[in-house]
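The structure appears below as structure tokens.
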Amino acid sequence: MKPSASTYLGLFLAALASVGLELILTRIFSVTSWYHFAFVAVSIAMFGITAGAVAMEFRAGRGGDDGDARLLRNVALAFGPGAVLAVGAAVAIPFHSPVTPKDIAILALTYLLETIPFFFCGALTSLVLRRHPRHAGSLYAVDLVGAAIGCALVIPLLDLLDGPSAALAMAAVAGLSALVLSAGEERARDRAGIVTAVIAVLVLVNARYHVARVYWDKWGNQDAAPAWERWNAFSRIRVQEWGTCQPVGWGMAPRMPKQPSVEQNYMDIDAGAATWMTRYTGNPAELEFLKWDITAVGHWLVPNARVLSLGVGGGRDLLTAVAFGQPSATGVEINGAILEADLDVYGRFTGPLDRLPGVRLVNDEARSWTARTSERFDLIVMSLTDTAAASSAGAYVLTENSLYTKEAIRLFHDHLTERGVLSITRWHPSEFPAEMWRLLALGAETLRDLGVADPRGHLLCVHRERPPGSAPPGCGTMLLSRAPLDPEAVRAWVARMEAMGFVVDLAPEHANDPRFERIAATGSAADLEREYGVDLSAPTDARPFYFHMLRLADVLSPLGKRPEVAESRANRVLGALLLVTLALAGTFILVPLIWLSRRGTEAFPRRGAWALFFIAIGVAFMLVEISQMQRLILFLGHPIYGLSVVLFGLLVSSGVGSFASGALARRERPPLALAFVPLLVLLAAFGLFAPGLLAANAGASTAVRIAVSLGCLAPIGFFMGFPFPLAMGIAGGRAGAPLAWFYGVNGAASVCASVISMILSLTFGISIAFWTGVAVYACAWACLAGARR
């Protein structure tokens, strides 16, 4: 039976709503929980879709074609309300770091509630494929293109609406899908119309009154209404107006004399990173306190400097340059909402920043802008800055970061003048300053790669001591100079630091901490790695996990000398999520699949070989997809770009490939080599040449980098779209083919592969995860050849 136009349109809208909701949930999860939990949205979506497909294998076919059509209308109708329920659960259930059984139970409940809309989407998709197996290629193509359009819509939608309202908008699109699929049945069409209208009203009401908003932040605290709030694809920005208070900062000098009160606002990014906005009316005395911050120590060493601040936040680093009388200061900020707060909403409060003498603001990604500019700077400052503006240690330990790799440090080094200094501030808890150890190892090893025989002559480390276990912990700053440091200037700087109450861990002529001295001398922290059971090696673009220091072999080992730190919490969250995912997948996917595999085996021979094929392509697709997300997050500068661009590029090209595979599938005995040989050749070429191509375009504009990314992904995506519909078409031509079961097996494998890909990348690097995917595609070819015999 040939699918109708309404079937194609309904499937398109369902796919659009599903992927759009998935990506928007990553934004909401970034506020309500740690950012690595946001990537679990991919697992949640795959689990729900797979469970829905498996459920349809039990229900479909009982009432003939009419029964399947009625079932299709019912699951489509439930998709929209299920999405509304998922949004409500995401914003209303408080997140707790899983420690007790109760915490894990709440986590499991949240996971289950979030899967509901994806369950109905998976049921809808599997029913459509079941009813039209001979048209799997064109249907799969429409499904993938709809999903790709959903990716593309997320960024502008989050510029228009807050996160919960944008998610509700996707629920309304799901309602439209039900309306289209019910076009032939009046009562079902009326019900779908009512549901869609109600959800559309919810979107409008929530956009105005914010009834569904984030009620609990990632710390488990009730999220109070701010003075100003702005969502976009990068983050949620909020401003609290504190009024007049004593000057505050993460690393104020212990011996700072009492300062006059200042007026400050508190800005937070995704409820984790924090920065301050300071009222400045042009009186330098208002900024005097900034000279006493640990983030300002580079200014004492490099006066009369052209300053580059990587990350603007509330403008504190730029105002510090003004306080020191530096002749120019350039701030590069990727997040337009932060600049909107600084310049438009609170412009009169901050100066505004862009009108202060010598200050310039740039809305761009820091690393690519630096690579593109021909300017050189006397002082480059990164104060608790990272790719996604998270200054809370542990929030991003399981994500890649483009600013803390050897390639990035070399880039910043190359943009220093001969007297230039790179200043990087990170957390320095007194009991375990692992971030500073790794930062120093990164700086020393990069200098050695640049031909510096004695890196210690180019390095300074200082920190602000705080009592063990205090919150927030102390901060430390590493200064890396392009030329050897002048001994007289260093002695004067050390004396000033000690007079301010800071602790100088490392200087060319002496060190207060022998551990820092050893790292600077050798460029390695191998002895500390053995002592504390952590990985302190210098991150690279191939393995860019600066904040992830727990090695796979040490995750379950006793702490030893390693205290309970934020990264332990991050790994605990991931471990709990993995257990929850495996338990739910086993209960709702594996057990039903085992039961189904024993039913009708004689009617469909070589069922096991077919299952292995669909498992293999599910694993291979996810390994390639997620590894390239990680690679392109570095290239594009932000996780949302990596997610949306990779998904869009692979889904569109795979959709086109899926459509093209129809001509191959219609042959009596389609030659499998025509599908797999080009795929494997292109994947190999991509793996060999794409890293160099990306490196060559690292300094291009965002639009050009997106175009380069899509150009790299399109050829491999085209042939990645062949295997699934080709196999579905071959299997669908045989009696008793369990197509929904195959769809479910493929989805279950994808759920597991999303975790496998992360483990491979963390342990061995992004490239290993990618090449593993290529090898699994080769195995899939062998499985399909065996299954078809």
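Look at R255 and say whether it is outside any loop (DSSP other than H, G, I, E, B) and of a type in the set (D, E, K, R). So R255 does not fit the description; no.
The condition of being in a loop (DSSP other than H, G, I, E, B), open to solvent by 20 Å² or more (accessible area, probe 1.4 Å) and in contact (Cβ under 8 Å) with a residue 12 or more places away in the chain holds for P226.
Selection of strands (runs of 3 or more DSSP E) fully inside the range 424-536 by the criterion of at least 2 residues being surrounded by fewer than 24 Cβ atoms within 10 Å (Cβ to Cβ) returns 503-506.
Might you check whether a residue that is closer than 25 Å to A775 by Cβ and surrounded by 14 or more Cβ atoms within 10 Å (Cβ to Cβ) occurs anywhere in the range 700-708?
Here is the first cut: in the range 700-708, the ones closer than 25 Å to A775 by Cβ are none.
The answer is no, given that none of the residues of the range 700-708 is closer than 25 Å to A775 by Cβ and surrounded by 14 or more Cβ atoms within 10 Å (Cβ to Cβ).
Filtering the range 649-668 down to residues that are open to solvent by 60 Å² or more (accessible area, probe 1.4 Å) and at pLDDT 75 or above, which residue is nearest to F724 (Cα to Cα)? Here the answer is F659.
From the list L160, L109, which one is out of contact with any helix residue (DSSP H, G or I) (no Cβ under 6 Å at 6 or more places or on another chain) and modelled with pLDDT of 90 or more?
Numbers: L109 fails: modelled with pLDDT of 90 or more.
Exactly one of L160, L109 is out of contact with any helix residue (DSSP H, G or I) (no Cβ under 6 Å at 6 or more places or on another chain) and modelled with pLDDT of 90 or more, namely L160.
Under 21 Å from R419 (Cα atoms), among the charged types (D, E, K, R) and surrounded by fewer than 23 Cβ atoms within 10 Å (Cβ to Cβ): is that true of R279 in this structure?
Details: under 21 Å from R419 (Cα atoms): no; among the charged types (D, E, K, R): yes; surrounded by fewer than 23 Cβ atoms within 10 Å (Cβ to Cβ): yes.
In short, no.
Looking only at the range 733-751, residues that are farther than 24 Å from S653 by Cα and either open to solvent by 10 Å² or more (accessible area, probe 1.4 Å) or of a type in the set (K, R) (or both) come to 6 in all. With respect to the conditions (1) in contact with a strand residue (DSSP E or B) (Cβ under 9 Å, 6 or more places away or on another chain); (2) over 27 Å from A700 (Cα atoms); (3) open to solvent by 20 Å² or more (accessible area, probe 1.4 Å), D344 falls short on a single one, namely (1).
When the range 1-34 is limited to residues that are open to solvent by less than 10 Å² (accessible area, probe 1.4 Å) and aromatic (F, W, Y), the one that is modelled with the lowest pLDDT turns out to be W34.
Need the failing condition index for G331 against (1) in contact with a Phe, Trp or Tyr (Cβ under 8 Å, 6 or more places away or on another chain); (2) farther than 19 Å from P284 by Cα; (3) crowded, with 24+ Cβ neighbours inside 10 Å, just the number. Failed condition: (1).
I'd like the full set of residues that are in a helix (DSSP H, G or I), open to solvent by less than 10 Å² (accessible area, probe 1.4 Å), in contact with a strand residue (DSSP E or B) (Cβ under 7 Å, 6 or more places away or on another chain) and among the aliphatic types (A, V, I, L, M), limited to the range 291-306. Of everything in the range 291-306, those that are in a helix (DSSP H, G or I), open to solvent by less than 10 Å² (accessible area, probe 1.4 Å), in contact with a strand residue (DSSP E or B) (Cβ under 7 Å, 6 or more places away or on another chain) and among the aliphatic types (A, V, I, L, M) turn out to be I294, V297. Based on what the data block shows, is A90 in contact (Cβ under 8 Å) with a residue 24 or more places away in the chain, open to solvent by 20 Å² or more (accessible area, probe 1.4 Å) and touching a Phe, Trp or Tyr at 6+ places or on another chain (Cβ under 8 Å)? It is false that A90 is in contact (Cβ under 8 Å) with a residue 24 or more places away in the chain, open to solvent by 20 Å² or more (accessible area, probe 1.4 Å) and touching a Phe, Trp or Tyr at 6+ places or on another chain (Cβ under 8 Å).
Table: residues versus (1) free of Cβ contacts under 8 Å to residues at least 24 places away in the same chain; (2) open to solvent by less than 20 Å² (accessible area, probe 1.4 Å).
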| site | (1), (2) |
| --- | --- |
| W242 | no, no |
| C245 | yes, no |
| V248 | no, no |
| A253 | no, yes |
| P257 | yes, no |
| M267 | no, yes |
| A271 | no, yes |
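When residues in the range 632-667 are screened for being in contact with a Phe, Trp or Tyr (Cβ under 8 Å, 6 or more places away or on another chain) and outside any helix (DSSP H, G or I), 1 of them pass.
Residue check: S177 meets all listed conditions (1) at pLDDT below 85; (2) among the small types (G, A, S); (3) open to solvent by less than 10 Å² (accessible area, probe 1.4 Å) but one, namely (1).
When you check R376 against the structure, is it touching a His at 6+ places or on another chain (Cβ under 8 Å), modelled with pLDDT of 90 or more and open to solvent by 10 Å² or more (accessible area, probe 1.4 Å), yes or no?
Values: touching a His at 6+ places or on another chain (Cβ under 8 Å): yes; modelled with pLDDT of 90 or more: yes; open to solvent by 10 Å² or more (accessible area, probe 1.4 Å): yes.
Answer is yes for this residue.
Search the range 193-202 for residues being in contact (Cβ under 8 Å) with a residue 40 or more places away in the chain and within 14 Å of A166 (Cβ to Cβ), and hand back the single one that is least open to solvent (accessible area, probe 1.4 Å). Steps first, please.
First, the residues of the range 193-202 that are in contact (Cβ under 8 Å) with a residue 40 or more places away in the chain: 195-196, 199, 202.
Keeping just the survivors that are within 14 Å of A166 (Cβ to Cβ) gives 199, 202.
Values: I199: 7, L202: 75 Å².
Top of the filtered list is I199.
Based on this model, can you work out whether A136 counts as open to solvent by less than 10 Å² (accessible area, probe 1.4 Å) and modelled with pLDDT under 90? So A136 fits the description; yes.
This table checks each residue for (1) closer than 17 Å to L384 by Cβ; (2) of a type in the set (D, E, K, R).
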residue: L440; (1), (2): yes, no
residue: A444; (1), (2): no, no
residue: D454; (1), (2): no, yes
residue: G457; (1), (2): no, no
residue: V462; (1), (2): yes, no
residue: S481; (1), (2): no, no
residue: V490; (1), (2): no, no
residue: E509; (1), (2): no, yes
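The set of residues in the range 126-154 that are farther than 17 Å from F29 by Cβ and of a type in the set (V, I, T) comprises V128, V142, V145, I149.
The values are calculated or read from the model by the stated rules, or taken from the named source; none is laboratory data. Note that the structure is predicted; figures quoted are calculated from it, not measured. Backbone-built Cβ (ideal geometry, glycine too); neighbour counts: all protein chains shown. Surface accessibility is based on the protein's heavy atoms, side chains included, excluding ligands, DNA and RNA. Shrake-Rupley method; radii C 1.70, N 1.55, O 1.52, S 1.80 Å.
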